[in-house]
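Engineer: Below: one structure in structure tokens.
The values are calculated or read from the model by the stated rules, or taken from the named source; none is laboratory data. Predicted model, so just to flag it, every value in this text is computed and none were measured. As a convention, Cβ positions derive from the backbone with ideal geometry for all residues, glycine included, and neighbour counts pool all protein chains shown.
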Amino acid sequence: MRVTIGQINTTNGDYEGNTERILRVVEGAKRDDADLVVLPEVAVQGYTSLDWFLDKDVRAKALEPLEKIKAAAGGLTVVVGTVRPNDETNGRRLFNSAAVIRDGEIIGFADKTLLPEYDVFDDPRYFEPARERHLFELENGRLGVAVCEDFWNDKTFWRERLYAHDPAQELIEMGASVLVSINASPFGKGKQHERCRMVRHRAKANNLPVVFVNLVGGNDGVIFDGASLVVNRRGETILQAPAFEEFVGTVDLECRECDTTCLAGDDIETVRRALVLGIRDYAHKNKFKQAILGLSGGIDSALVAALACEALGAENVLGVMMPSPFSSGGSITDSESLARNTGMRVELHPIVSAFDALTNELNLKRPTRGGESLAVENLQSRLRGNILMTLSNATGRLLLSTGNKSELALGYCTLYGDTNGGLAVIGDVLKTEVYALCRHINRDAEIIPETIINKRPSAELAPDQFDDQSLPPYDVLDPILEAYFERKASPDEIIAQGHDVELVYRILNQVEAPANEFKRRQLPPTLIISRHAIGIGRRRPVTHAYKRTPSVI
């Protein structure tokens, strides 16, 4: 059996555009004399369409785009992700399905059984679980189709499972000779290798080929990385799609030649590529051709600028330098060096006059070394936010926010100031990862000036102000945040790794403080690169009196 996989980049609600992408894959399959074509989960409507799935007109029109696909599918079997109406009076009004089309007719649907509701997923809000499983008889085999999560519950691979049963294994036991898995599996650090091992394990353990097709592209903060693969019955990868780009490829399932295509690997390079894709798709899918950001001379804005230049082209990125009375000389000279290295344009708009006018009008004292001056410090950030938003409105540029995860987690940011923007590019990137990304970007040539990388981090909102006067050193802070956010570790588990008891509880309580949660609620969409990000997958109340305290024995 010859199989074509279509790793496509869909846009939520773009039925016409998504269908055109599907049709191009079908035409490519015909040219390659394929028997079977496989496309990702909810490829027709866009997987992250969220509450659009609750609208009656969206449900009513769900299957209309399949008519064009049916007309183009003569001589082929096409498996494509779609939603479809639930005609029963009870239950959710839609199924998350794979439509199986053969010779221009829909021969059936494989509905999703396991509906995830963790992190960015909320399937039970929209979808009814499958009522049954069945195989599809083809001329050259019996096809089992699993929709995303239905493939991810192999008890022989996972030490811990979220569900009691395994729909994919049930299909195998029913006699499937080929197993297809259509997916919308978001990017996360370490996930590409994990997926690959899971697919190869399932194929080898059950002696049958597996076709695993994943969505690619950014939709709001969620980034799908693709990296689809086809594995033969011996557990060997015979077709490996690249990550972070669209791909159409065809392979014979009995192929014995391994595909040696090398993925970027689950390292800092995958994070860089994910962020670049996230910026590009968020901008282009929301009709922005150009971007703007504030350049402070610090490492965070330098990283966002470099990523934006790669994503959109340096000629489409504008950096704005807005020195205050407390800005160092390097805030300008380092930003200008960055602009020369990247080719981006910069503008200078000092805030000194506006700052003096407002502090005088409000009878505020300038901050002094060691003094209490939070309102005046925040005023500087809000003046900059005002300038950036005004320029964004005037020029139609997308404003990129530059705050990192370490600072956002602890509320070390200014509401309506540096949190302004249309997209939070590094809101899920820890400060130590910011440094790693900058050094990686400079691996062949200096793009981000070394003076920026080597300087002591500072918001420069008061005389002689540095981050480590308000925050623990980042190499101490970030391992605690990583354990808490990404591994959901308890305070005792974090302390057991060798961290100071008092520091752990202070950090975690600062993360959960109502004022800091209030700030995070108002952040722009955040590009997600970890398993548990600051963004749509994190749900905490603003109003609470919850406080973590050490156990008393």
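Engineer: Of the residues Ala436, Ala462, Ala445, which single one is at pLDDT below 95 and aliphatic (A, V, I, L, M)?
Structural biologist: Every option except Ala462 fails the conditions.
Engineer: So, one more: Can you tell me which residue among Leu481, Leu477, Leu471 is modelled with pLDDT under 95 and of a type in the set (A, V, I, L, M)?
Structural biologist: Residue meeting the stated conditions: Leu471.
Engineer: Check the stretch 518-529 and report whether any residue there is assigned to a loop (DSSP other than H, G, I, E, B), out of contact with any Cys (no Cβ under 8 Å at 6 or more places or on another chain) and among the β-branched types (Val, Ile, Thr).
Structural biologist: Checking the stretch 518-529: at least one residue is assigned to a loop (DSSP other than H, G, I, E, B), out of contact with any Cys (no Cβ under 8 Å at 6 or more places or on another chain) and among the β-branched types (Val, Ile, Thr).
Engineer: Read through the list (1) surrounded by 24 or more Cβ atoms within 10 Å (Cβ to Cβ); (2) at pLDDT 95 or above; (3) more than 28 Å from Met174 (Cβ to Cβ), then give the number of the only condition that Gln240 fails.
Structural biologist: Every condition holds for Gln240 apart from (1).
Engineer: So, in the stretch 474-492, of the ones that are over 14 Å from Glu433 (Cα atoms) and over 24 Å from the mean Cα position of the chain (by Cα), which residue ends up surrounded by the most Cβ atoms within 10 Å (Cβ to Cβ)?
Structural biologist: Across the stretch 474-492, the extreme among qualifying residues is Pro491.
Engineer: Let me ask something else. Can you find even one residue in the stretch 497-504 that is within 15 Å of Leu410 (Cα to Cα) and either within 22 Å of the chain's Cα centre (by Cα) or not assigned by TED's automatic domain parsing to the domain that holds Glu377 (or both)?
Structural biologist: Checked against the condition, which is being within 15 Å of Leu410 (Cα to Cα) and either within 22 Å of the chain's Cα centre (by Cα) or not assigned by TED's automatic domain parsing to the domain that holds Glu377 (or both), the stretch 497-504 yields at least one hit.
Engineer: Further, regarding this structure: Looking at Leu293, Leu277, Leu263, Leu307 in this structure, which one is within 23 Å of the chain's Cα centre (by Cα), crowded, with 19+ Cβ neighbours inside 10 Å and part of a loop (DSSP other than H, G, I, E, B)?
Structural biologist: Testing whether each residue is within 23 Å of the chain's Cα centre (by Cα), crowded, with 19+ Cβ neighbours inside 10 Å and part of a loop (DSSP other than H, G, I, E, B) leaves just Leu263.
Engineer: Exactly one of these conditions fails for Ala62: (1) part of a loop (DSSP other than H, G, I, E, B); (2) within 24 Å of the chain's Cα centre (by Cα); (3) not β-branched (Val, Ile, Thr). Give me its number.
Structural biologist: Here Ala62 clears every test but (2).
Engineer: Moving on. Condition first: under 13 Å from Ala424 (Cβ atoms) and not hydrophobic (A, V, I, L, M, F, W, C). Now tell me which residues in the stretch 295-308 satisfy that.
Structural biologist: Passing the criteria: Asp300, Ser301.
Engineer: Which of the residues spanning the stretch 508-537 are in contact with a helix residue (DSSP H, G or I) (Cβ under 8 Å, 6 or more places away or on another chain) and basic (Lys, Arg)?
Structural biologist: Once the filter is applied, which keeps residues that are in contact with a helix residue (DSSP H, G or I) (Cβ under 8 Å, 6 or more places away or on another chain) and basic (Lys, Arg), the stretch 508-537 yields Lys519, Arg520, Arg531.
Engineer: Among the residues of the stretch 164-206, write down those that are among the hydrophobic types (A, V, I, L, M, F, W, C), over 29 Å from Gly221 (Cα atoms) and not in a loop (DSSP other than H, G, I, E, B).
Structural biologist: Answer for the stretch 164-206, where residues must be among the hydrophobic types (A, V, I, L, M, F, W, C), over 29 Å from Gly221 (Cα atoms) and not in a loop (DSSP other than H, G, I, E, B): Ala168, Leu171, Ile172, Val178, Leu179, Ala203, Ala205.
Engineer: From the set of residues in the stretch 188-226 that are under 18 Å from Gly6 (Cα atoms) and charged (D, E, K, R), which is surrounded by the fewest Cβ atoms within 10 Å (Cβ to Cβ)?
Structural biologist: Arg195
Engineer: In the stretch 63-75, is there at least one residue being within 14 Å of Phe127 (Cβ to Cβ) and aliphatic (A, V, I, L, M)?
Structural biologist: No, the stretch 63-75 contains no residue that is within 14 Å of Phe127 (Cβ to Cβ) and aliphatic (A, V, I, L, M).
Engineer: Moving on to the next point. Report, by residue number, each residue of the stretch 1-47 that is under 26 Å from Glu139 (Cβ atoms), in contact with a helix residue (DSSP H, G or I) (Cβ under 8 Å, 6 or more places away or on another chain) and either in a helix (DSSP H, G or I) or of a type in the set (Lys, Arg) (or both).
Structural biologist: Ile22, Leu23, Val26, Glu27
Engineer: Out of all the residues in the stretch 428-444, is one or more in contact with a strand residue (DSSP E or B) (Cβ under 9 Å, 6 or more places away or on another chain) and touching a residue at least 60 places away in the same chain (Cβ under 8 Å)?
Structural biologist: For the stretch 428-444, residues in contact with a strand residue (DSSP E or B) (Cβ under 9 Å, 6 or more places away or on another chain) and touching a residue at least 60 places away in the same chain (Cβ under 8 Å): present.
Engineer: So, restricting to strands (runs of 3 or more DSSP E) that lie completely within the stretch 72-163, which ones have at least 1 residues that are among the aliphatic types (A, V, I, L, M) and under 23 Å from the mean Cα position of the chain (by Cα)?
Structural biologist: Qualifying strands (runs of 3 or more DSSP E): 77-85, 141-147.
Engineer: On to the next question. Please determine, by comparing only the residues of the stretch 340-352 that are under 28 Å from the mean Cα position of the chain (by Cα) and surrounded by 20 or more Cβ atoms within 10 Å (Cβ to Cβ), which one is nearest to Pro449 (Cα to Cα).
Structural biologist: Only one residue fits best here, namely Thr342.
Engineer: Quick one: would you say Asp154 is among the acidic types (Asp, Glu) and surrounded by 22 or more Cβ atoms within 10 Å (Cβ to Cβ)?
Structural biologist: The answer is no for Asp154.
Engineer: What pairs can you find where one residue is in the stretch 498-520 and more than 12 Å from Ile480 (Cβ to Cβ), the other is buried (at least 16 other Cβ atoms within 10 Å of the Cβ) and aliphatic (A, V, I, L, M), and their Cβ atoms are less than 8 Å apart, with a gap of 6+ or different chains?
Structural biologist: Asn516/Ala409; Asn516/Leu410; Phe518/Leu415; Lys519/Leu408; Lys519/Leu415; Arg520/Leu408; Arg520/Ile534
Engineer: Would you mind finding the one in Asp119, Asp103 that is assigned by TED's automatic domain parsing to the domain that holds Gln45, at positive phi and surrounded by fewer than 16 Cβ atoms within 10 Å (Cβ to Cβ)?
Structural biologist: Residue meeting the stated conditions: Asp103.
Engineer: Which residues, counting only those in the stretch 48-72, are among the basic types (Lys, Arg), under 17 Å from Ile106 (Cα atoms) and touching a helix residue (DSSP H, G or I) at 6+ places or on another chain (Cβ under 8 Å)?
Structural biologist: Scanning the stretch 48-72 gives Lys61, Lys68.
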